[in-house]
Amino acid sequence: MLGRKMASDVQKFVGTDEVKTVKFWKSVTAEVLSTAIMMIVQCSVPLKWPGNNDSGTTVQIALGMGFVVMCMIEAFGHISGAQMNPSVSIAMLIARKISLLKAIFYIIAQCSGAFLGSGLIYIITPANATGGLATTTVNRDMTPAQGMVVEMYLTFMLVFVIFGATDSRKKITMPSLVIGMAVAMNICTGINHTGASMNPARSLGPAVYVNIWTDHWVYWAGPISGAILATLAYNFGFVLHCTKKEKELEEEKKYAETLPDPTVIERVCGRYCGTLNSGLMPARVTSESTFTLETSDSTAHFQL
């Protein structure tokens, strides 16, 4: 019995059964499409067109990315979760919200979507306006290690907000709005430091076309480590503690519901005491439906 349960748990964690379903492949396709659309916006906003001295400002980029993330979650969230980010998929895997195979295929899909979305903008944009195609690089006055810490922090914040906004115990009608705002906030915070990627796929797509790989590892190590820390902090720190307290309260509530009604006990005690001349001791509950009434010279058991 224990062996079967363990085998079932392993199978569920790996996800061997769901790979055979149409729903699984629909969700993978949704990740490709949603990530591609996100990258189209990401690569378009910062472009510097000829005759226009202004490229996308920090506010424009933050709003553009915040809005597209919000829209993609609303459009694809019920299909795949609209994760669009390998770091988020790894976080969901650790939290046991998706299977191992789904996480692997999601990451492949997200990188493919980033490649397609970036490629579309690269193809349709004039060469003199392409520039770096929104490639993320660490600020020249910073070290790669500093850049990694920035990406770790930004992704930690994003993933922590995602877990909080999608927590089933909270009644948030539009978690997409909260998550989109978190993306915009983080871009405003870290764009001058590292470009505020928070997403390995987002950094990979443009880098392939413009062939800029300087400190590219930062955009994998930073976001993934930040996502892991956020997952551990939220699910195995705050939530685990809250869950234990909730279970204790729930158990106390269930136990209280099984106890005999106090008014019934009083009524039965009154009848019994009328037949006795001896002193009455306090009633004692001995099971869910039985209580014991003791007097100075006798003991009675009542079934309710």
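What follows draws every value from the coordinates through simple rules; no lab data is involved. A quick note: this is a predicted structure, and the numbers were derived from the prediction, not measured. With ideal geometry, Cβ positions are generated from the backbone for all residues, glycine too; neighbour counts draw on all protein chains shown.
Each label was represented as a point 7 Å from its Cα along the Cα-to-Cβ direction; for S168 and F236 these points are 2.1 nm apart.
Remark: spin-label model distance Q60-I124 equals 1.7 nm, labels positioned 7 Å along the Cα→Cβ axis. Ranked from largest, the principal axis spans of the Cα set of region 9-250 equal 66, 39, 32 Å.
Expressed as a whole percent, the proportion of Cα-Cα pairs in region 53-146 lying more than 20 Å apart is 54%. Taking R0 as 51 Å, what FRET efficiency do you get between W213 and D9 from their Cβ-Cβ distance, rounded to the nearest 0.05? Result of the calculation: an efficiency of 0.80.
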